[in-house]
Amino acid sequence: MAAASAVRAAGRRSRGLFDIFVAEVPWTVSSKELKEYFSQFGSVQRCQLPFDKDTGFHRRYCWIKFSTPQDVQNVFQKDSHILEGAKLALKQQPRRRRSQRKNQSE
């Protein structure tokens, strides 16, 4: 019982951590298509593609969460990433714990 509780707590702590920020996402690309594309580099746990409430369109950027650091390295080994004719701009997100983010804001 305690082990299951610890696993749930760890999941909550890592929920806000993403590995890659992707910009210049074409309007026509969905989160499903992004997840499928990045799956060629490893196991994608999550793809968050925020939408604008006023326009209903996505904001042309997203965050990708991979299962392992090796999956992230695989993404950056490829020189350029092109979806529907547009070159994506990728940036690796630093992995920080919640306590580190909290200390920086104080």
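Data overview
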| read-out | value |
| --- | --- |
| Segment 18-37 - residue that is in a loop (DSSP other than H, G, I, E, B) and closer than 19 Å to GLN73 by Cβ and, of those, modelled with the highest pLDDT | ASP19 |
| Matching residues, segment 22-59, being within 10 Å of the chain's Cα centre (by Cα) and either open to solvent by 50 Å² or more (accessible area, probe 1.4 Å) or among the hydroxyl-bearing types (Ser, Thr, Tyr) (or both) | LYS35, GLN45, ARG46, GLN48 |
| Filter pass, SER99 being of a type in the set (Ser, Thr, Tyr), at pLDDT below 95 and outside any loop (DSSP other than H, G, I, E, B) | yes |
| Residue list for segment 72-96, filter: modelled with pLDDT of 95 or more, of a type outside the set (A, V, I, L, M, F, W, C), surrounded by 13 or more Cβ atoms within 10 Å (Cβ to Cβ) and closer than 25 Å to ARG59 by Cβ | HIS81 |
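The values are calculated or read from the model by the stated rules, or taken from the named source; none is laboratory data. Small disclaimer: the values here were computed from a predicted structure and weren't measured. Cβ atoms come from the backbone with ideal geometry, glycine included; neighbour counts cover every protein chain shown. Areas reflect the complete protein model, heavy atoms only, side chains present, ligands, DNA and RNA absent. Shrake-Rupley method; radii C 1.70, N 1.55, O 1.52, S 1.80 Å.
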